[in-house]
1. Semi-axes of the equivalent ellipsoid of region 36-81: what are they in whole Å, largest first, if each equals the square root of 5 times a C-alpha gyration tensor eigenvalue?
2. Determine, from the Cβ-Cβ distance of residue 202 and residue 143 and an R0 of 25 Å, the FRET efficiency 1/(1 + (r/R0)^6), rounded to the nearest 0.05.
3. Running a GNM on the chain with Cα contacts under 10 Å, which residue among 169, 27, 53 ends up with the highest mean-square fluctuation?
4. Assuming 1.306 mPa s and 10 °C, estimate D for region 2-192 with Stokes-Einstein, Rh taken as the Kirkwood radius over Cα pairs, in µm²/s.
5. Hey, what did the chain get for relative contact order, percent, Cα under 8 Å, at least 6 apart?
6. Sort 110-123, 57-70, 187-200 by the packing proxy (mean of other Cβ within 10 Å over each peptide's residues), most packed first.
7. What base-10 log of the normalised intensity I(q)/I(0) is obtained for region 33-137 from the Debye formula, alpha carbons as equal point scatterers, at q = 0.09, 0.11 Å⁻¹?
8. Roughly how tilted is helix 175-192, in degrees to the nearest 10 and between 0 and 90, from the longest Cα axis of the chain?
């Protein structure tokens, strides 16, 4: 199993003051520029590489270590018996957290001694936690995209689909309304649009 995971933060719940003007011959859709802002939400999403589906989406107020832990527990529960699980993520500090190390260790046939955070053992530092999480011999292996290259993770493509299909022109009455609409879109995408992304970047430099 391979998942591409990332967070989309600061998604604004914007309520348009007036309704937009619908598409008609000779006129594109027009969106009211004045709005009331009802706060923001954060989306954590995991893209299944083999199916192109969003297997787990979590929407809330924050993106803390505890938020990621809850998201990953829900994601991994249905595939807990898989012989190998790969997670592709960027270099955010919560992606190298104690909670994630403990989740990975719990999947091992014989969970190793982890030590104590900031003191000794696997949990001692971000470097030691990263070494453990990226060990290819473990059942759960984390692959970190290079710094400033999170665009290499195809979940970013899916985020752009979310923006274009839902967020850019929509109006949301509250944070709860925004959350419900995002989760509804995830369900709609999985039913009607999901397919594996065909990655065609050859690795050649993008600039001279």
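Values quoted throughout were computed directly from the atomic coordinates according to the rules given, and no laboratory measurement underlies them. It should be emphasised that the depicted structure is a prediction, and the values quoted were computed from it without experimental measurement. Ideal geometry is used to build each Cβ from the backbone, glycine not excepted, and the neighbour counts take in all protein chains shown.
1. Details: eigenvalues 113, 39, 8 Å².
Result for region 36-81: semi-axes of 24, 14, 6 Å.
2. On the way: r = 19 Å, r/R0 = 0.77.
FRET efficiency, residue 202 to residue 143: 0.85.
3. Of 169, 27, 53, the Gaussian network model singles out 27 as fluctuating most.
4. Working: Rh = 18.3 Å.
The Stokes-Einstein estimate is 87 µm²/s.
5. Values: 316 pairs, mean separation 52.3, N = 208.
RCO, the chain: 25 percent.
6. On the way: 110-123: 13.1, 57-70: 16.5, 187-200: 11.6.
Packing order, densest peptide first, comes out as 57-70, 110-123, 187-200.
7. Log10 I(q)/I(0), no solvent term: -0.28, -0.41.
8. So the inclination is approximately 80 degrees.
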